[in-house]
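So the structure is just underneath, and the comments pick up after that.
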Amino acid sequence: AANLRIGYAVKPGLVLGVEFWGWARESEILTSTAPVPVNVTLTATNACVSFFPGNAGFFIRLGAGLAYGRLEVAPPSSVTTVPAVDESQTGFAMNFAPGYEWRITNRFALGAQGDVVYLGLGDALEDAFGYGLSAQFNWYW
């Protein structure tokens, strides 16, 4: 999984930005003939708002935007029991991330946050949730 955020502090305690989130997994379906590779890719691009109540270290980040997912199943020609699939889907994404930030200097802060990302994709990819904890290295201009 990967996460990147770019933002601008419009005033103390309020940051507007855009956040990119991605997750990918490669696996295999085992058959009697040969293994079949399966690749899943999920991404989200969200406009986000980070609110720091009391202009202190605790924050809540909310975002909404575009979700993208792709499912690839690529059986070799010797495998006839698993169909080939190459589907992609776009949909709605949203994220919620509470966290805490420790200011080291006026321009640099270290932080930690919990992430919950929802991707409404439908079809073969269905709806997906991503979640996790992340460390942050934040630079303020």
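The values are calculated or read from the model by the stated rules, or taken from the named source; none is laboratory data. Note that the structure is predicted; figures quoted are calculated from it, not measured. All Cβ positions, even for glycine, are placed from backbone atoms using ideal geometry, and neighbour counts span all protein chains on display. Surface areas here come from the heavy atoms of the whole protein model, side chains and all, with no ligands, DNA or RNA. Shrake-Rupley method; radii C 1.70, N 1.55, O 1.52, S 1.80 Å.
Residue by residue, here is whether (1) modelled with pLDDT under 95; (2) closer than 18 Å to A9 by Cα; (3) surrounded by 13 or more Cβ atoms within 10 Å (Cβ to Cβ) holds:
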position: P75; (1), (2), (3): yes, no, yes
position: G99; (1), (2), (3): no, yes, yes
position: A128; (1), (2), (3): yes, no, yes
position: N138; (1), (2), (3): yes, yes, yes
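Based on what the data block shows, is G69 modelled with pLDDT of 95 or more, of a type in the set (G, A, S) and open to solvent by less than 30 Å² (accessible area, probe 1.4 Å)?
no
Quick grid of which residues meet (1) of a type outside the set (A, V, I, L, M, F, W, C); (2) touching a Pro at 6+ places or on another chain (Cβ under 9 Å); (3) in a strand (DSSP E or B):
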{"site": "L4", "(1), (2), (3)": "no, no, yes"}
{"site": "A9", "(1), (2), (3)": "no, no, yes"}
{"site": "G22", "(1), (2), (3)": "yes, no, yes"}
{"site": "A34", "(1), (2), (3)": "no, yes, no"}
{"site": "G91", "(1), (2), (3)": "yes, no, yes"}
{"site": "A97", "(1), (2), (3)": "no, no, yes"}
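I'd like to check something: does the range 59-77 contain any residue that is under 19 Å from W141 (Cβ atoms) and in a strand (DSSP E or B)?
Yes, that holds for at least one residue.
Looking at the range 42-58 only, could you name the residues that are under 18 Å from Q136 (Cβ atoms), in contact (Cβ under 8 Å) with a residue 40 or more places away in the chain and open to solvent by 60 Å² or more (accessible area, probe 1.4 Å)?
N55, F58
Are any residues in the range 101-117 open to solvent by 50 Å² or more (accessible area, probe 1.4 Å) and part of a strand (DSSP E or B), and if so, which ones?
Result: W102, R103, F108, L110, V116.
Could you say which residue among T43, T80, T33 is under 23 Å from L121 (Cβ atoms) and of a type outside the set (F, W, Y)?
T43
For N95, state whether it is more than 25 Å from P37 (Cα to Cα), open to solvent by 60 Å² or more (accessible area, probe 1.4 Å) and touching a residue at least 24 places away in the same chain (Cβ under 8 Å).
Spelling it out, it is not the case that N95 is more than 25 Å from P37 (Cα to Cα), open to solvent by 60 Å² or more (accessible area, probe 1.4 Å) and touching a residue at least 24 places away in the same chain (Cβ under 8 Å).
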